[in-house]
Amino acid sequence: MDALGKKLIDRYQRDMPLTPRPYQTMAEDLGVTEAEVIDALTRLRRNNIVSRIGPVFDHAKAGASTLVACAVEPARLTSIGEQISAFEGVNHNYARDHHFNLWFVITAPDNAQLQAKLKEIECSTGVRLLILPMEKAYHIDLGFPIEWNDNTSKACNHE
């Protein structure tokens, strides 16, 4: 990994600029060009060092959401998973090794629309949904300083 990639990871684990051109703002902060920032982020994604670049929203302020689990016959797991993933607002749809073997998160603008989507998914798939609404929110800050094995960049303290 090059020095710019390390700087981007260290500096922007949180507090990414909320500007019309965030990569330009990042570039100015780091003393490079916008194109260099975009190229470095592209390399980080392509090399599976960074899986996602984007905001994390407080879902309670942005609408309604819930975690859902369902028990699907193994032979139908892929097709039901694909069918559920096609619904707007469904994300984090994944299989688990458990009786409840398909889990997903679904979001909607409000609770009434969320409930309507859940009913539509249940009716169209024929699979009974176990709705697991969040009872208490926990904030887990996953930003942390990185001790690189070489001296090409220093870890930032983001306190």
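The values are calculated or read from the model by the stated rules, or taken from the named source; none is laboratory data. In this text, all values refer to a predicted model and were calculated from it rather than measured experimentally. Counting neighbours? That spans all protein chains shown, and the Cβs are built from the backbone with ideal geometry, glycine included. Side chains are part of the model used for accessible areas, which takes the heavy atoms of the whole protein and leaves out ligands, DNA and RNA. Shrake-Rupley method; radii C 1.70, N 1.55, O 1.52, S 1.80 Å.
Here are a few things to note about the model shown:
- The residues listed here are 64, 71; of these, the one that is farther than 19 Å from residue 26 by Cβ and open to solvent by 30 Å² or more (accessible area, probe 1.4 Å) is 71.
- For the stretch 30-58, a residue qualifies if it is open to solvent by 90 Å² or more (accessible area, probe 1.4 Å) and either at pLDDT 95 or above or part of a loop (DSSP other than H, G, I, E, B) (or both), and the qualifying residues are 47, 48, 51, 52, 56, 57.
- Residues (without any contact (Cβ under 8 Å) to a residue 24 or more places away in the chain and either in a strand (DSSP E or B) or among the aliphatic types (A, V, I, L, M) (or both)) located in the stretch 106-148: 112, 116, 140
- Selected residue (criterion: farthest from residue 53 (Cα to Cα)) from residues of the stretch 1-29 that are among the hydrophobic types (A, V, I, L, M, F, W, C) and in a loop (DSSP other than H, G, I, E, B): 1
- Which numbered condition residue 103 misses (of (1) within 22 Å of residue 137 (Cβ to Cβ); (2) assigned to a loop (DSSP other than H, G, I, E, B); (3) modelled with pLDDT of 95 or more): (2)
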